[in-house]
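Reviewing the structure listed below.
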Amino acid sequence: SAWHTASGGQGGQYTWTRNNDRWRPTYNWARWYPNLEPGRYEVLAYVPERHSTTSDARYWVSHRGGYSLCPVDQSANGGRWVSLGTYRFRGEGGEYVSLSDITYEPYLSTHIGFDAVKWVPR
C-alpha cells in the first residue's frame, strides 16, 4: 500500500513512495538486475520529474569490486539521467542496482522516485 505509480518517466510509468527516516521492518526497496557481458560500464539512474523530492536517494551498485553507495539528490535532478559511476562487472547475473526508501530525512517528509537504470559500456 506504500507504493504508488504515476505516468511519466522512462517507458511512460514509474513508481514512487514516501521516505523512511531509518530502517524499519516495512521499508520499501527495488533492485534492477542487468544482463551484461563482462566489462566496464557506467551506471545511470533516471530520476522522474515528479515524486522525487528527496535530497538523499541512496542507490547501491553491486559490481565486481563489491558494493558502492551512490547518494543522489533527486530533488535537483528530476527528468534526468544521473551517473552512479563507472564500474567493472562480471556479467554473471548477480550484480545489480538497489534503491530503498531509507533516506534518513524526517519520517514521511519526502518522496523517492523509482524508474529506470541503464548500464552503458565504457
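The values are calculated or read from the model by the stated rules, or taken from the named source; none is laboratory data. Bear in mind the structure is a predicted one, so any value in this text is a computation, not a measurement. Methodologically, a virtual Cβ is constructed for each residue, glycine included, from the backbone with ideal geometry; neighbour enumeration extends over all protein chains shown. These area figures cover heavy atoms from the full protein model, side chains too; ligands, DNA and RNA do not enter into them. Shrake-Rupley method; radii C 1.70, N 1.55, O 1.52, S 1.80 Å.
Results for (1) touching a Cys at 6+ places or on another chain (Cβ under 9 Å); (2) open to solvent by less than 30 Å² (accessible area, probe 1.4 Å); (3) outside any loop (DSSP other than H, G, I, E, B), shown as yes or no for each residue.
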{"residue": "ALA6", "(1), (2), (3)": "no, yes, yes"}
{"residue": "TYR14", "(1), (2), (3)": "no, yes, yes"}
{"residue": "ARG22", "(1), (2), (3)": "no, no, no"}
{"residue": "THR26", "(1), (2), (3)": "no, no, no"}
{"residue": "ALA30", "(1), (2), (3)": "no, yes, yes"}
{"residue": "GLU37", "(1), (2), (3)": "no, no, no"}
{"residue": "ARG40", "(1), (2), (3)": "no, no, yes"}
{"residue": "HIS51", "(1), (2), (3)": "no, no, no"}
{"residue": "SER55", "(1), (2), (3)": "no, no, no"}
Review point. Which numbered condition trips up TRP81, out of (1) of a type in the set (A, V, I, L, M, F, W, C); (2) open to solvent by 30 Å² or more (accessible area, probe 1.4 Å); (3) in contact with a helix residue (DSSP H, G or I) (Cβ under 8 Å, 6 or more places away or on another chain)?
Key: (3)
Check your understanding: Any residue at all in region 65-76 that is without any contact (Cβ under 8 Å) to a residue 12 or more places away in the chain and touching a Lys or Arg at 6+ places or on another chain (Cβ under 8 Å)?
Key -> yes
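Quick grid of which residues meet (1) over 18 Å from TRP29 (Cβ atoms); (2) small (Gly, Ala, Ser):
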{"position": "THR54", "(1), (2)": "no, no"}
{"position": "ARG58", "(1), (2)": "no, no"}
{"position": "ARG88", "(1), (2)": "yes, no"}
{"position": "THR110", "(1), (2)": "no, no"}
{"position": "GLY113", "(1), (2)": "no, yes"}
{"position": "ARG122", "(1), (2)": "yes, no"}
Exercise for review: Would you check if there is a residue in region 88-106 being more than 17 Å from the chain's Cα centre (by Cα) and assigned to a strand (DSSP E or B)?
Suggested key: yes
Exercise for review: Could you grab me the full set of residues in region 62-74 that are crowded, with 16+ Cβ neighbours inside 10 Å and closer than 16 Å to ASP115 by Cβ?
Suggested key: CYS70, VAL72, GLN74
Study note, to complete from the structure: Within region 57-80, the residues that are farther than 21 Å from HIS4 by Cα and in a strand (DSSP E or B) are TRP60, VAL61, SER62, HIS63, GLY66, TYR67, SER68, LEU69, CYS70, PRO71
